[in-house]
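Structure, as structure tokens:
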Amino acid sequence: MTETAAAAAPPAADARYRFGTFGGRYVPETLIAALDQLEEAYEEARTDPAFLSEFDALLRDFVGRPTPLFRARRLEEVTGAGPIYLKREDLNHTGAHKINNTIGQALLARRMGKQRIIAETGAGQHGVATATACALFDLECVVYMGAEDVERQALNVFRMELLGAEVRPVSSGTSTLKDATNEAIRDWVTNVESTHYIIGSVVGPAPFPRMVRDFHAVIGRETREQILEVEGRLPGSVVACVGGGSNAMGIFHPFVDDAEVRLVGVEAAGEGIETGRHSASLSVGEPGILHGALSYLLQDDDGQVAPAHSVSAGLDYPGVGPEHSHLRDTGRACYVAVDDAAALSAFHRLSQLEGIIPALETAHAIAYILAEARALTSAGPCVLNLSGRGDKDVAHVARVEGRGSLL
Amino acid sequence: MPSSNPNSSPTAPRTLADAFAARRAHGQAALIPYICAGFPTADDSLAVMEAAAEAGADIVELGVPFSDPLADGPTIQRATFKALEAGMTVRGALDILRRFRSRYDTPVVLFTYLNPVHHFGLDRFVREAAEAGAQAILLTDLPAGADAGLEAMVREGGLELIRLLAPTTARTRIPAVMEGAGGFLYYISRTGVTGARTALREELAREVEALREEVALPIAVGFGISTPEQARLVAGVADGVVVGSALVDRLEEGGVEGAGAFLAELRAGMDGKGEGG
């Protein structure tokens, strides 16, 4: 196909921007200088002991790391399989893995002398995590959010405002996450000299996908140590939900070279793949270019980006991180899709089985474990990245299930 | 001098170099309107292209709409979304180009984002666009060095690749950007997205002058030019003046006729004939 041929042989100079053929820096010229500056700052920071020790100290004292690896015995009972472990990213400050990245990038922004931060957010989790980091470092913070999401996630909007951020509703295009991302990029193009863009997932132009992955790789490193300590062996499988794919890349990354560890990403099948209303870019998308990177993308016959759908706003994105596209094409990771109904059911199951209300995004991965626990544990323990807690979703689930508005 | 004349048979297009040379010979700058294919309808966008050629536009930028125009401001976004809603496609834009080329020799630059043409197959798109009568292509999200394979496809397919420079572009990067650049250099007059502005930056003249030391191609300036007076000022320092959002505004207010009248005003402003057109 043309698109694969097009990217078949990236020049050597460009290889560091890519994962296989995916990724790259497909952005307006205005942003090139900012990406060069960011890349340079990050390359220095990642080997600077002072930066790393400040980052680690904040993860420990502010975020609450390391997060526990919890054995889910009742989940094992009902599935008749085990061992199954939950990596408790839901216990991080602000309730999800997202803050690992926002702390790291806010430190970088300070290092680059940028006083203004912008971010995009879907459900509001990344926006809250960004606003939190900006409060901590006394940085100006503007968060772009689709007008529809502003309505649906009023509580997170208020949370961001409490933290001192300005939330700007975006009503162009489909008024959702992809349009909020477009608007954040437009802001960045305009204010690039004073502003750093804290992107919320392993997406966007290089160096973002690699950098965001590295900030989240602490999840996988801890998991590796913890499972070796309690089980004396590596996991047989690691399972995580995938929207843009940051929590999945964070836990996958330290296991990518361990061929015996099965890596499984769970996308949102929405109302069903066959209905066309889903967010399963890796399962049924085609390679395309959105937000600065070549990756699997939901698009129509004319190359227009197709609207994504999922009951969970955090998975509601038509693209996916380019490294996932690479792991998919090389067969190193496999990607499956779980629909809204199965995710909602898993949301209830985990709440009642383990006393943990998971984020709706995470509930997709739980649904897959509920269905496939035997296979997932056949070669060793299964670890699920419990990427976030579900407090933010309680009102939404009540509405979806006809319990009216609780807020 | 008039840029083109309608003919009854398919017209051999002029080159971009000819278009600039013809203006330069008269001490004038080229007028380069941006027109979104399919806005407000396919026929109307063709009519605006024709009106532009009649009003003294030297080069037409024909925009192929994309669902996620992240380098564009609200005005061109609005035109883009309306064009897509009205059913415009990549193929539809090529049809408009073909119809324009059957009557006018004004050079055409296709202006778009990568994904629609990548999905179509960039090599195929470039070939079909060249056959339909395009001279060049500008891909907003394909900066120099981003993808040598795609760049090669453009050149091998027979279109010139228009490059952009921004005020933020490092001086050391300019030679790499200009390597393989064709047609003209598009200088972005300010950081930011497209959109009409009331004031131009004072540094613009100095920046364009500095660029001439390193850039052999004609230099066109765009982003934010919205009045005949601004067009006149830019024409005084650059070889070409790109007008996009302001034209969309006039098309929305006054239809094809209003758009044509606006372009005539711009032309007159640039040629120092006052703002009356």
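The values are calculated or read from the model by the stated rules, or taken from the named source; none is laboratory data. The structure presented is a predicted model; accordingly, all values stated were derived computationally and were not measured. When we count neighbours, we look across all protein chains shown, and the Cβ atoms used for this are built from the backbone with ideal geometry, even at glycine.
Scan segment A:384-395 and give yes if some residue there is in contact with a strand residue (DSSP E or B) (Cβ under 7 Å, 6 or more places away or on another chain) and in a helix (DSSP H, G or I), otherwise no.
No, segment A:384-395 contains no residue that is in contact with a strand residue (DSSP E or B) (Cβ under 7 Å, 6 or more places away or on another chain) and in a helix (DSSP H, G or I).
So, in segment A:168-177, exactly how many residues are crowded, with 24+ Cβ neighbours inside 10 Å and either more than 30 Å from A:T67 (Cβ to Cβ) or away from every other protein chain (no Cβ under 13 Å) (or both)?
The number of residues fulfilling the criteria is 1.
Of all residues in segment B:160-172 being surrounded by 13 or more Cβ atoms within 10 Å (Cβ to Cβ) and more than 7 Å from chain A (Cβ to nearest Cβ), which is farthest from the chain's Cα centre (by Cα)?
So the residue we want is B:P167.
Give the residue, chosen from B:L139, B:L150, that is of a type in the set (A, V, I, L, M), within 17 Å of B:F66 (Cβ to Cβ) and facing chain A (nearest Cβ under 8 Å). Break it down stepwise before answering.
Details: B:L139 fails: facing chain A (nearest Cβ under 8 Å).
None of the other options fit; the residue is B:L150.
Among the strands (runs of 3 or more DSSP E) contained in segment A:262-380, which hold 2 or more residues that are within 14 Å of chain B (Cβ to nearest Cβ)? Quick ask: steps written out before the conclusion?
Values: elements: A:262-270, A:286-290, A:293-297, A:333-339.
Of the strands (runs of 3 or more DSSP E) lying wholly inside segment A:262-380, those with at least 2 residues that are within 14 Å of chain B (Cβ to nearest Cβ) span A:286-290, A:293-297.
Just to be sure before I move on: is B:L150 of a type outside the set (G, A, S), more than 17 Å from B:R163 (Cβ to Cβ), in a helix (DSSP H, G or I) and touching a helix residue (DSSP H, G or I) at 6+ places or on another chain (Cβ under 7 Å) in the structure I sent?
no
Filter segment A:142-178 down to the residues that are farther than 22 Å from A:G244 by Cα, at pLDDT 95 or above and touching a helix residue (DSSP H, G or I) at 6+ places or on another chain (Cβ under 9 Å) and list them by number.
A:R159, A:E161, A:L162, A:L163, A:G164, A:A165, A:E166
For the subset of segment A:153-167 comprising residues that are in contact (Cβ under 8 Å) with a residue 60 or more places away in the chain and in a helix (DSSP H, G or I), which member is farthest from the other protein chains (Cβ to nearest Cβ)?
Filtering first and then ranking leaves A:L155.
Of B:G133, B:G157, B:G92, B:G145, which residue is more than 26 Å from A:T190 (Cα to Cα) and at the interface with chain A (Cβ under 10 Å from one of its Cβ atoms)?
Numbers: B:G133 fails: at the interface with chain A (Cβ under 10 Å from one of its Cβ atoms); B:G157 fails: at the interface with chain A (Cβ under 10 Å from one of its Cβ atoms); B:G145 fails: more than 26 Å from A:T190 (Cα to Cα).
Going through B:G133, B:G157, B:G92, B:G145 in turn, just one is more than 26 Å from A:T190 (Cα to Cα) and at the interface with chain A (Cβ under 10 Å from one of its Cβ atoms): B:G92.
Against the definition (at pLDDT 95 or above, out of contact with any His (no Cβ under 9 Å at 6 or more places or on another chain) and hydroxyl-bearing (S, T, Y)), how does A:S295 come out, yes or no?
So A:S295 does not fit the description; no.
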